[in-house]
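K.L.:
To start, I am sharing the structure in question, which I have written as structure tokens.
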Amino acid sequence: MEGILFPRGVVEGLEGLDAYRSRGGYDAVSRLGEFSPQDIIATVEASGLRGRGGAGFPTGRKLALTLECPETPHYVVMNGGEDEPGSHKDRVLMENLPHLLLDGIILAAYAVQAEKAYLYINHNYEAATGAVETALREAREAGYWGEDIAGSGFSLELVMVAAPSNYVAGEDTAALEVIEGKEPLPRQKPPFPVTEGLFGKPSLVNNVETLANIAPIVARGAEWFRSFGTAESPGTMIFSLGDEMERPGVYELPLGTPLRHLLEECGGGLKGGKPIKAILPGGPSSGFLLPDNLDLPLDHDALREAGSSIGCGVVKVLTEGDSVLDELMRIADFFAKESCGQCPACRMETNMLVALLKKVQQGEGNDALTEQFGKVIAFNKGKGFCSLINMPGPPIESAVRLFPEEFRGA
Ligand SMILES: Cc1cc2nc3c(=O)[nH]c(=O)nc-3n(C[C@H](O)[C@H](O)[C@H](O)COP(=O)(O)O)c2cc1C
């Protein structure tokens, strides 16, 4: 089979059903009866695909855990909540390549033997919602979902659900609550959604970008997927660059590509050719890197070893002259506002970090105050239902290490 399913290349507008099919789209779905659920899971496991929603959990393992749960029915949820500041990749995928997503969702649903899949999409994403709606209609008319898909005996219903636009609504169990008609409040884990998810039943929750990788992997094989990226982080990932760059936008690159390539070749460097002061390579919950880290490969392990993380690929760059402290204040404020408030430790921690940063901003910084950050973060670590409580820590602790002068009093 020729035709490029992946990497996605330059995205040029909405891809309709015919264009998608002409490059091999829905190939596996049209022959669904030739595959067993275990065949699909084995291929995804061999591919080494890791979740693109931030945590990097092995996708094949999640599929296997869901399939093996005896409770029925099973469900699939596409997580398109995307409220991380600066992240656009899921919107771009939904707006432009909705059939690539549906293809992956149908294969994932078959793999876990789900009878219903929910497409949970940020309610501000009007164009994305429209593109997915159209694709759903086209795919149904073509017989790719509904009753007895391609004569396989497998039937699937696909339903769209609007996601509220607050950050925590993208957390997987909060998304399940919303789909059940409740407030977006994370659940205590365990149990994890794979065993007790939607309506208490085994559920596979995956990020939009993760699901966009499934169909090409099934159609082209694990080895092909592994020809991109590194051994531990195979495939490509979509990175989002912000307005501080000459060429902001989303860029799909093989994992392991040097950070320098993303910032200089793709992003064209900082606007006006300004020098870089610091980089947050994985969004507001990642640790800061310095300009001498520019040759680091963008993959899960390399960034973790450098004291940071890849998150969902939002790369933010600070210019010489920018205040790291001001950036930390924006980040801490964000997490304090977005904390849903149901876990006292999260409420307390996020507000306390804002209060401490305010003191530093007012010139009251000293060694004792700086030490407080580490203490507050360590005390609260893991004490929430979801991992929002762990998110403000890495940028603050890395800044204390790399920019100690910004924490000293006037
Ligand atoms: C506060 C918070 C917000 C999150 N927001 C999103 C989101 O908008 N989209 C997403 O895919 N994952 C989000 N996640 C991660 C999900 O909980 C979950 O790990 C992810 O959907 C799993 O998909 P994956 O395995 O394909 O990465 C969020 C997590 C937390 C703690």
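Bear in mind these aren't lab numbers, they're just calculated from the coordinates by the rules spelled out. Just so it is clear, the model here is predicted, and its values are computed rather than measured. Here Cβ is always computed from backbone atoms with ideal geometry, including for glycine, and neighbour counts include all displayed protein chains.
K.L.:
Could you tell me the largest-minus-smallest coordinate of the C-alpha atoms of the chain on each of the three principal axes, in descending order and whole angstroms?
P.N.:
In descending order, the Cα extents are 73, 44, 36 Å.
K.L.:
Separate question: Restricting attention to the chain, give the cysteines that have no other cysteine Cβ less than 4.7 angstrom from their Cβ.
P.N.:
Cys69, Cys266, Cys312, Cys340, Cys386
K.L.:
Report the relative contact order of the chain, percent, no decimals, based on alpha-carbon pairs under 8 angstrom and at least 6 residues apart. Each step should come with its number before you reach the end.
P.N.:
Details: 828 pairs, mean separation 64.0, N = 410.
Computed over the chain, the figure is 16 percent.
K.L.:
Another question, if that's okay. Specify the longest stretch of the chain that does not include any exposed loop site, a site being one of the trypsin sites (Lys or Arg not before Pro) with a non-H, G, I, E, B DSSP assignment and at most 14 other Cβ atoms within 10 Å.
P.N.:
183-380
K.L.:
Okay, next question. Filter the DSSP H helices in the chain by two things, a Kyte-Doolittle mean of at least 1.0 and an axial alpha-carbon span of 20 angstrom or more, and list the hits by number.
P.N.:
Values: long enough: 98-112 (21 Å, 1.59); 126-141 (23 Å, -0.49); 324-338 (21 Å, 0.33); 344-361 (26 Å, 0.26); 367-380 (21 Å, 0.19).
What comes out of the filter, once short or polar helices are dropped, is 98-112.
K.L.:
Do any GluC sites (Glu not before Pro) in region 294-373 lie in a loop, going by DSSP, with at most 14 other beta-carbon atoms within 10 Å of their beta carbon, and if so which?
P.N.:
Working: sites: Glu305, Glu320, Glu327, Glu338, Glu349, Glu364, Glu371; in loops: Glu320, Glu364.
Answer by residue number: Glu320, Glu364.
K.L.:
Quick one: grab Rg to one decimal and Dmax as a whole number for region 240-319, Cα atoms only, in Å.
P.N.:
11.0, 32
K.L.:
Cross-link partners among aspartates and glutamates for Lys274, C-alpha distance below 14 Å, same-chain residues fewer than 8 apart left out?
P.N.:
Asp243, Glu244, Glu246, Glu264, Glu320, Asp322
K.L.:
Taking the Cα atoms of region 17-226, report the difference between the largest and smallest coordinate on each principal axis, in whole Å and largest first.
P.N.:
Ordered largest first, region 17-226 gives principal extents of 40, 38, 34 Å.
K.L.:
Sticking with this one: With a Förster radius of 30 Å, plug the Cβ-Cβ distance of Ser22 and Glu223 into 1/(1 + (r/R0)^6) and report the FRET value to the nearest 0.05. Don't jump to the answer; show the numbers that get you there.
P.N.:
Values: r = 24 Å, r/R0 = 0.81.
For Ser22 and Glu223, the calculated efficiency is 0.80.
K.L.:
Go ahead and run the numbers for FRET between Lys358 and Phe199, Cβ-Cβ distance against an R0 of 41 Å, rounding to 0.05.
P.N.:
Details: r = 43 Å, r/R0 = 1.06.
It comes out at approximately 0.40.
K.L.:
Would you mind telling me the antiparallel percentage of the DSSP bridges in region 98-180, rounded to 5? Can you show the working numbers first?
P.N.:
Details: 1 of 8 bridges.
The antiparallel proportion sits near 10 percent.
K.L.:
Under a Cβ-Cβ cut-off of 10 Å, what is the net charge of the residues other than Ala114 that fall near it, where Lys and Arg count +1 and Asp and Glu count -1? Kindly include the intermediate steps, with their values, before the conclusion.
P.N.:
Working: positive: Lys116, Lys201; negative: Glu115, Glu157.
That works out to 0.
K.L.:
Within 10 Å of each candidate Cβ there may be at most 13 other Cβ atoms; applying that plus a DSSP loop requirement, which GluC sites (Glu not before Pro) in region 125-163 survive?
P.N.:
On the way: sites: Glu126, Glu133, Glu138, Glu141, Glu147, Glu157; in loops: Glu147.
When the GluC sites (Glu not before Pro) of region 125-163 are filtered for loop state and at most 13 Cβ neighbours within 10 Å, Glu147 remain.
K.L.:
How high is the relative contact order of region 331-378, in percent, counting Cα pairs under 8 Å that sit 6 or more residues apart?
P.N.:
Working: 24 pairs, mean separation 16.0, N = 48.
Here the relative contact order equals 33 percent.
K.L.:
Name the long-range amide H neighbours of Arg187: under 5 Å, sequence gap of 5 or more, or other chain; modelled H, no Pro or chain starts.
P.N.:
Excluding prolines and chain starts, which carry no amide H, the hits are Thr173, Ala174.
K.L.:
Amide H of Met237: which non-local residues (sequence gap of 5 or more, or other chain) have their own amide H closer than 5 Å, using H built in the peptide plane?
P.N.:
Amide H neighbours of Met237: Leu253, Leu255.
K.L.:
Also, quick follow-up: Using DSSP to call loops (not H, G, I, E or B), can you name the GluC sites (Glu not before Pro) in region 78-118 whose Cβ has at most 14 other Cβ atoms within 10 angstrom? Mind showing how you got there, number by number?
P.N.:
Working: sites: Glu82, Glu95, Glu115; in loops: Glu82.
Sites meeting the loop and neighbour criteria: none at all.
K.L.:
Here's another thing I want to ask about it. If one computes the Cα centroid of region 145-161 and of region 323-370, what distance in Å separates the two points?
P.N.:
For region 145-161 versus region 323-370, the Cα centre distance is 48 Å.
K.L.:
When the dipole is taken about the Cα centre of the chain, and only Lys, Arg (+1) and Asp, Glu (-1) are charged at their Cβ, what size is it in debye, to the nearest 20? Spell out each step's value before the answer.
P.N.:
Details: 36 positive and 57 negative charges, 147 e Å.
So the dipole magnitude of the chain works out to roughly 700 debye.
K.L.:
Moving on to the next point. Which value results for Rg/Rh of region 324-407 when Rg is the Cα radius of gyration and Rh the Kirkwood radius based on the inverse mean 1/r? If you can, show how the numbers build up before the last one.
P.N.:
Values: Rg = 11.9 Å, Rh = 12.6 Å.
In region 324-407, Rg relative to Rh is 0.94.
K.L.:
May I ask which of Lys201/Lys381; Lys337/Lys381; Lys116/Lys182; Lys182/Lys381; Lys316/Lys381; Lys271/Lys358 have a Cα-Cα span longer than 21 Å here? Each step should come with its number before you reach the end.
P.N.:
Numbers: Lys201/Lys381 29 Å; Lys337/Lys381 18 Å; Lys116/Lys182 19 Å; Lys182/Lys381 27 Å; Lys316/Lys381 25 Å; Lys271/Lys358 29 Å.
In this structure, Lys201/Lys381; Lys182/Lys381; Lys316/Lys381; Lys271/Lys358 lie more than 21 Å apart at Cα.
K.L.:
Whole-Hz ³J(HN,Hα) for each residue in region 310-321, computed from phi via Karplus 6.51 cos²θ - 1.76 cosθ + 1.60 with θ = phi - 60°, x for glycine and proline: what do you get?
P.N.:
These are the phi-based 3J(HN,Hα) values: 8, x, 10, x, 8, 10, 10, 10, 9, 8, 3, x Hz.
K.L.:
Counting pairs of alpha carbon atoms under 8 Å apart in space and at least six apart in sequence, what relative contact order in percent does region 240-319 give? Walk me through the numbers on the way to the answer.
P.N.:
Working: 154 pairs, mean separation 28.0, N = 80.
Contact order relative to length: 35 percent.
K.L.:
Whose amide H sits under 5 Å from the amide H of Val77, counting only residues 5 or more places off or on another chain, with H placed in the peptide plane?
P.N.:
Tyr118, Leu204, Val205, Asn206
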